[in-house]
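Structure first, then comments.
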Amino acid sequence: MNLDLNLKVTFVIVALLSFSSAQAITLDEYLSLAKQKNRLFSSYDLEQGASNDKREAGDLILTPILTAGYSVTSDKSLPSTLGSKRVVNDYNLGVSKNFSTGTTLGLSARTDQFQNTGITPPLDQYATGSLGVSFRQSLWKDFFGAGTRLRHERESVVNKYETLSVELKKRNLLIEAESSFWDYAVSLENLNLKKSNFERSKKLSTWTSNRVSNGISDRSDLMSIRALNSTRELELSTAVDDLKVQELRIRQNLDLAENEPTPPMTTEQVAQRPYFAELSNKKNIIRIDSYLSNLDAEAKKFVAKEIRDGLRPDLAFVGSYNTSSYDREYDEMQNNLAKQDYPKTFIGVNFSWQFGTDAKASQIAAADKTALAAQLSADRNKMIGRDAWLEHVRRFEVARQNVMTLEKIAEFQRERAKAEQYKFSKGRTVTLSVVTAETDAAVAEVVYMNAKSNLRKLEASTQLFISIEE
């Protein structure tokens with residue numbers, strides 16, 4: 001087993017040395033590479049673009065509409081005062097547009113060509129036509145764009161919600177990538193530690209075996225040392241396997257193909273990350289997911305307002321102006337279309353109101369209750385989100401102090417193990433003390449490394465918080 005393990009360790013070390021020959025990338029370079037290569041980031045960018053497009057698409061109702069038509073009518077029905085057969089060719093063209101002020105304007109042109117069989121001139125054939133302009137202005141529902149502004153406010157909040165949701169996904173992905181970086185760094189450091197422990201235990205086993213052969217030590221001492229050596233061997237094998245697992249996570253974060261090598265990485269240039277500094281001078285810091293519930297409640301409030309506004313009665317001011325042209329010849333009628341000798345004008349008001357039924361009241365009540373429920377949930381989440389920041393700062397400070405303490409403990413345990421080995425070499429201590437000291441030192445090193453990694457991960461999770469304006 002020692003031979004197989006040595007081969008595995010040698011392979012891993014050689015691979016790491018070959019990586020080291022290339023330029024090792026820093027944490028910032030690794031995260032930048034992840035943004036470039038990981039397709040999830042591209043997916044999130046598309047989601048954000050889609051949200052912006054949906055917001056722009058909300059004004060589709062304000063886009064001008066062109067209409068055009070042609071029809072032929074042949075009429076032989078009885079009774080008739082215009083001959084036995086009547087043929088009408090109808091042409092129409094129009095453009096209409098809704099404005100954000102709640103105004104609708106329309107332009108139209110229409111011509112009709114009549115042919116009547118079985119009737120005397122001049123009614124056997126003639127043509128009529130008109131040019132017109134029409135308007136409609138809401139005086140209640142969408143008075144000077146009230147309804148349009150309400151829709152814009154809702155779309156703005158929804159866009160902000162969707163954009164921030166995508167940003168949260170990106171940050172979670174970055175946190176995952178950064179956590180993988182630190183796990184990989186710890187695994188690499190742990191492998192070097194376990195290899196050193198294993199080599200030291202082998203030397204200790206050889207030295208104790210010689211002492212037993214010389215009658216200086218008891219065989220039980222040798223068995224204790226060999227048990228320690230086997231434990232170190234198992235720990236080294238586990239460390240090799242763990243490094244491969246962490247390397248796989250790195251490759252997945254970078255979307256590396258099978259034939260692409262894992263880039264070497266270094267932690268030498270990594271200082272404290274800027275996340276705390278970016279928020280240190282800001283107020284109203286809250287978890288992003290808690291703030292999202294507030295935006296969701298705001299959007300539902302606007303939805304309730306839109307539903308209520310859409311069911312209100314409306315009074316609209318309407319009007320139109322049309323020219324008229326008439327001639328026996330179609331071409332001559334067309335030449336006179338723009339003349340205003342015989343105009344037709346129309347001005348009026350239209351009132352509309354949907355009766356107050358149980359269905360109408362229920363729709364309004366459902367929207368109001370949904371908005372109120374979302375607001376109550378948002379208020380609670382806002383409080384939790386703010387408390388989460390205070391707790392995050394407290395936990396980070398505790399973790400930082402713990403890392404400093406664990407560093408001292410690991411150093412003390414290393415020195416203790418060295419001292420026990422020295423005493424053992426002089427015959428002034430028992431084997432159990434050496435084994436215990438070695439084990440305690442190894443455990444202290446692992447706890448210290450994991451604490452450092454967890455501190456860095458906790459630091460990275462600061463990206464889950466933002467400062468909001470109220």
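The values are calculated or read from the model by the stated rules, or taken from the named source; none is laboratory data. Every value quoted in this text rests on a predicted model; they were computed, and no experiment measured them. Ideal geometry is used to build each Cβ from the backbone, glycine not excepted, and the neighbour counts take in all protein chains shown.
Of note:
- Selection count, region 115-161, where residues are without any contact (Cβ under 8 Å) to a residue 40 or more places away in the chain, surrounded by 15 or more Cβ atoms within 10 Å (Cβ to Cβ) and out of contact with any strand residue (DSSP E or B) (no Cβ under 8 Å at 6 or more places or on another chain): 1
- Checked against the criterion of being farther than 30 Å from residue 104 by Cα and touching a residue at least 24 places away in the same chain (Cβ under 8 Å), the candidates 237, 280 yield just one match: 237.
- The listed residue being assigned by TED's automatic domain parsing to the domain that holds residue 169 and within 26 Å of residue 178 (Cα to Cα), out of 418, 457, 423: 457
- Here residue 77 meets the list (1) small (Gly, Ala, Ser); (2) surrounded by fewer than 16 Cβ atoms within 10 Å (Cβ to Cβ); (3) under 30 Å from residue 300 (Cβ atoms) almost entirely, failing just condition (3).
- Just one of (1) assigned by TED's automatic domain parsing to the domain that holds residue 35; (2) in a helix (DSSP H, G or I); (3) in contact (Cβ under 8 Å) with a residue 60 or more places away in the chain fails for residue 272. It is (2).
- Within the option set 29, 47, being within 26 Å of residue 266 (Cα to Cα) and either in contact (Cβ under 8 Å) with a residue 12 or more places away in the chain or in the same structural domain as residue 172 (by TED's automatic domain parsing) (or both) holds for one residue only, 29.
- Of all residue pairs spaced 6 or more apart or on separate chains, those with beta-carbon atoms under 9 Å, a first member in region 207-234 that is without any contact (Cβ under 8 Å) to a residue 12 or more places away in the chain and a second member that is among the basic types (Lys, Arg) and surrounded by fewer than 17 Cβ atoms within 10 Å (Cβ to Cβ) are 212/219.
- Number of residues in region 85-131 that are within 30 Å of residue 150 (Cβ to Cβ) and part of a strand (DSSP E or B): the value is 10.
- Number of residues in region 288-317 that are in contact with a helix residue (DSSP H, G or I) (Cβ under 9 Å, 6 or more places away or on another chain) and part of a loop (DSSP other than H, G, I, E, B): the value is 1.
- Taken over region 327-382, residues that are small (Gly, Ala, Ser) and more than 18 Å from residue 302 (Cβ to Cβ) amount to 7.
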